[in-house]
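A.B. asks: Dropping a structure here in structure tokens format, bear with me for questions.
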Amino acid sequence: MFKAAVLTISDKGSAGLRVDEAGPKVSAFLQENGYEVTYTKIIPDDEEEIMTELINLSGQNMPLIVTTGGTGFSKRDV
């Protein structure tokens, strides 16, 4: 079984102001298709934090990293 990580990028989601529906749906889809989702996290739309998280996951030899998030276009969307 392949391992996967799901990273939701959302200011409101990370602050608890919005329920993350996409992350669990992506996780369910991956699990239904033979992946073991071993890591999930919600982080804000912050370029440095996104880069750090992706680099850390890559360094852990995570074979698949799926990102989701964003509800529109704003200056903070990266």
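A.B. asks: Determine, for the chain, the count of lysine pairs separated by eight or more sequence positions (or lying on different chains) whose alpha-carbon distance falls under 21 Å.
C.D. replies: Values: LYS3/LYS25; LYS3/LYS41; LYS12/LYS25; LYS12/LYS41; LYS12/LYS75; LYS25/LYS41.
Value for the chain: 6.
A.B. asks: To continue, here is another question. How do the peptides 46-59, 19-32, 1-14 rank, highest first, by the average count of neighbouring beta carbon atoms within 10 Å per residue? Could the numbers behind the result be given before it?
C.D. replies: Values: 46-59: 12.6, 19-32: 15.1, 1-14: 19.0.
Those peptides, ordered most packed to least, come out 1-14, 19-32, 46-59.
A.B. asks: Oh, and also: State the three equivalent ellipsoid semi-axes of the chain, derived from the C-alpha gyration tensor as the square roots of 5 times its eigenvalues, in descending order and whole Å. Mind dumping the intermediate values first?
C.D. replies: Numbers: eigenvalues 94, 47, 16 Å².
Output for the chain: semi-axes of 22, 15, 9 Å.
A.B. asks: Please list, in chain and number order, the residues 5+ apart from THR40 or on another chain whose amide H is under 5 Å from its amide H, with Hs placed from the backbone.
C.D. replies: Under 5 Å from the amide H of THR40 lie the amide H atoms of VAL6, each far enough along the sequence or on another chain.
A.B. asks: At 1.4 Å probe size, with the rest of the protein present, what percent of the exposed accessible area of the chain is carbon and sulfur atoms?
C.D. replies: Numbers: 2860 of 5300 Å².
The nonpolar share, carbon plus sulfur, comes to 54 percent.
A.B. asks: Given H placed 1.01 Å from N in the peptide plane, which residues other than close sequence neighbours of THR68 have an amide H under 5 Å from its amide H?
C.D. replies: Close amide H contacts, sequence-distant or interchain: LEU7, THR8, ILE9.
A.B. asks: Could you derive backbone 3J(HN,Hα) for the stretch 12-17 from the dihedral phi with the Karplus parameters 6.51, -1.76 and 1.60 (θ = phi - 60°), listing whole Hz in sequence and x where the residue is Gly or Pro?
C.D. replies: Computed from phi, the couplings for the stretch 12-17 are 5, x, 5, 8, x, 8 Hz.
A.B. asks: Any idea what the relative contact order of the chain is, in percent, if you count C-alpha pairs under 8 Å spaced at least 6 apart? Display every interim value, and only then the final one.
C.D. replies: Details: 113 pairs, mean separation 36.4, N = 78.
The normalised contact order for the chain reaches 47 percent.
A.B. asks: Using only Cα atoms, tell me the angle between helix 22-32 and the longest principal axis of the chain; keep it within 0 to 90° and round to the nearest 10.
C.D. replies: Roughly 10 degrees, rounded to the nearest 10.
A.B. asks: Further question on the same structure: Using the Cα centre as the reference, give the magnitude of the dipole from point charges on the C-beta atoms of the stretch 1-59 (Lys, Arg: +1; Asp, Glu: -1; all else neutral), rounded to the nearest 20 debye.
C.D. replies: Details: 5 positive and 11 negative charges, 58 e Å.
Magnitude of the dipole: close to 280 debye.
A.B. asks: For the chain, build the charge dipole from Cβ charges (+1 Lys, Arg; -1 Asp, Glu) around the Cα centre, then report which of LEU17, MET51, GLY34 sits farthest towards its positive end.
C.D. replies: Value: GLY34.
The values are calculated or read from the model by the stated rules, or taken from the named source; none is laboratory data. Since the model is a prediction, treat every value here as computed from it, not as a measurement. Heads up, the Cβs are rebuilt from the backbone with ideal geometry, glycines too, and the neighbour counts pull from every protein chain shown. Heads up: the accessible areas ignore ligands, DNA and RNA and are worked out on the full protein's heavy atoms, side chains in. Shrake-Rupley method; radii C 1.70, N 1.55, O 1.52, S 1.80 Å.
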